[in-house]
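Structure, as structure tokens:
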Amino acid sequence: MALTGRTAFLAALGSIPVGIWDPGWTSLLAVNGPLAVACACDYVLAAPVRRLGLSRSGDTSARLGESADVTLTVTNPSGRLLRARLRDAWPPSSWQSGTEVEASRHRLTVPAGERRRVITRLRPTRRGDRQADRVTIRSYGPMGLYARQGSHRVPWTVRVLPPFTSRKHLPSKLARLRELDGRTSVLTRGEGTEFDSLREYVPGDDTRSIDWRATARHTTVAVRTWRPERDRHIVVVLDTGRTSAGRVGDAPRLDASMDAALLLAALASRAGDRVDLLAYDRRVRALVQGRAAADVLPSLVNAMASLEPELIETDARGLTATTLRTAPRRSLIVLLTSLDAAPIEEGLLPVLPQLTQRHTVLLASVADPHIAKMAAARGNTEAVYEAAAAAQAQTERHRTAEHLRRHGVTVVDAIPDDLAPALADAYLALKAAGRL
């Protein structure tokens, strides 16, 4: 039950003259008694809220930054007209700042025995699952003096997916891939290549590429050409340990790593390669294996939606062992982790030979653009000290990257906006070189 502002206003309005001209309980009751009777009648005539039927429909997923519409259907089984205000409660991260009140509160009128729909538009600000809380309904009487109030639980979950902002680079990378498939035909067979076609011999071609059987069947000398092999296995490994929680700009490093992984997966699946995903810190947080090309990207996006950085040190030995189990035969291992010296030198480098002796390893790391700005700063003493600290940090990253390259690892180190296209370029370069 709830009193309305109209009731309080009428009670105050009736009490003021009594207080001025004839103060006393008798006069007060004489003025406000009829108001109390009117409130009781209003309460009786208000539609009951406990018997209302509520159900949901609408969107079950949305990309971060986009909106999701959830429809709430209210059924009035009583014989009275429902005049109500409704609050559809969701977690605070389901709305942009300052929009919750307008988006979650609705007015509706439902005649007896009918139903009405209201739409709640969510605009989440974080990834993950957003679950609906209580629906609170306040039913008013015809005079608007008194109201019945009750809450209902109407379960519904909206999964907020990664935004995949790097998909704008996909058309250009696919164009390079088509060029690679169409023009990158070599005369020397090597690792990571497969037979492409026969063509006529021209002076300067390697005589070892001549196909003598085909030449015997034709009047011209034929040579074999090769192209980068398809159906290669790629394992994308996301480090979800404490280093992935560091914020670069407005988002943690993990978000930039996931965006780069999605672009790589989209490109590799179009290239005919198989893509798996492993997210690990001290245990497996997500694992996607054996998906068809058309299902790879939706599966990865869905698996990444609920991933969050864990404030624990990544177990490099466990990560390596799990990766080797995930990739039993030669594969491209794409490790998205930090280039900080301590985690690499103490954790990854001792176990790296287990990966490099069987697989091709590509390590991608998110660089902080603020460090580059600090390194270029001059003008006062504070700026010079900041530049020196930034230069030292950059030197340590470069030294760590060189240690990895000496172990045969391809290293990509780029700021968040450039990481995804740089990783895609590195994949295409490895493919063109026949190193997959």
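Descriptive notes on the structure:
- Relative to the compact-globule estimate of 2.2 N^0.38 Å, the Cα radius of gyration of the stretch 316-436 comes out at 1.21.
- Taking the helices alone, the chain has a mean residue ellipticity at 222 nm of -11500 deg cm²/dmol, built from -39,500 (n - 2.57) per DSSP H run of at least 4 residues and averaged over all its residues.
- Average accessible area per residue (Å²) across the stretch 300-407 - probe 1.4 Å, nucleic acids and ligands excluded: 49 Å²
- Near Arg291, once Lys and Arg are set to +1 and Asp and Glu to -1 for all other residues with Cβ below 10 Å from its Cβ, the sum equals -1.
- Inverse mean reciprocal Cα-Cα distance (Kirkwood Rh) of the stretch 266-307, Å: 10.7 Å
- Helix axis angle, 381-406 relative to the chain longest principal axis, alpha carbon, degrees: 50 degrees
- Semi-axis lengths (Å, descending) of the ellipsoid that matches the C-alpha gyration tensor of the stretch 282-340: 21, 17, 10
- Comparing Arg126, Arg167, Arg283 in a Gaussian network model of the chain (Cα springs below 10 Å), the most mobile by mean-square fluctuation is Arg283.
- Here the calculated FRET efficiency for Cys41 and Glu382, from their Cβ-Cβ distance with R0 = 56 Å, stands at 0.15, rounded to the nearest 0.05.
- Overall form of the stretch 227-300 per C-alpha gyration tensor (a/c, 1.5; a/b vs b/c): prolate
- Anisotropy class of the stretch 292-385 from Cα gyration tensor, a/c 1.5 cut: prolate
- Compared with the dominant principal axis of the Cα atoms in the chain, helix 253-270 is inclined by about 60°.
- Local electrostatic count, Arg153, Cβ distance below 10 Å [Lys/Arg +1, Asp/Glu -1]: 0
- Here the label points at Ser67 and Thr395, each 7 Å from Cα along the C-beta direction, are separated by 5.3 nm in the simple model.
- For the stretch 328-368: rounded, prolate or oblate by the Cα gyration tensor [a/c cutoff 1.5]: oblate
- Per-pair calculated FRET efficiency, R0 = 45 Å: Arg317 and Thr157 via Cβ, rounded to 0.05: 0.80
- Stretching Arg126 away from Arg330 to a fully extended chain increases their span by 69.8 nm, per 0.36 nm per residue minus the current alpha-carbon distance.
- Globularity ratio of the stretch 68-135, using Cα Rg and 2.2 N^0.38 Å: 1.24
- Normalised by the number of residues in the stretch 82-131, the average gap of Cα pairs under 8 Å and 6 or more apart makes the relative contact order 48 percent.
- Alpha carbon centroid spacing (whole Å) that separates the stretch 308-346 from the stretch 229-271: 13 Å
- Highest-MSF residue in the chain out of Ala62, Ala390, Ala245 [GNM, Cα springs under 10 Å]: Ala390
- Each DSSP beta bridge with both residues in the chain is either parallel or antiparallel, and the antiparallel ones are about 70%.
- The chain - percent of accessible surface contributed by carbon and sulfur, probe 1.4 Å: 52 percent
- Ranked from largest to smallest solvent-accessible area, with a 1.4 Å probe on the protein heavy atoms, Tyr427, Tyr140, Tyr201 come out as Tyr201, Tyr140, Tyr427.
- Backbone N under 20 Å from the Gln289 label point (7 Å along Cα→Cβ), restricted to the stretch 232-249: 232-240
- At full extension, Ala429 and Arg178 could sit 89.0 nm farther apart than now, given 0.36 nm per residue minus the alpha carbon distance.
- Net charge, Leu122 excluded, C-beta distance under 11 Å - Lys, Arg +1, Asp, Glu -1: -2
- Each peptide in 255-264, 271-280 was scored by the mean count of other Cβ atoms within 10 Å over its residues; highest first, the order is 255-264, 271-280.
- Annotation: per residue accessible area for the stretch 104-171 equals 54 Å², rounded to a whole number [probe 1.4 Å, protein chains only].
- Its residues counted as N, the chain yields a C-alpha radius of gyration over 2.2 N^0.38 Å of 1.49.
The values are calculated or read from the model by the stated rules, or taken from the named source; none is laboratory data. Computed from a prediction, not measured in an experiment: that's the story for all the values here. We place every Cβ from the backbone using ideal geometry, glycine too, and count neighbours over all the protein chains shown. With ligands, DNA and RNA removed, areas are computed over all heavy atoms of the protein, side chains included. Shrake-Rupley method; radii C 1.70, N 1.55, O 1.52, S 1.80 Å.
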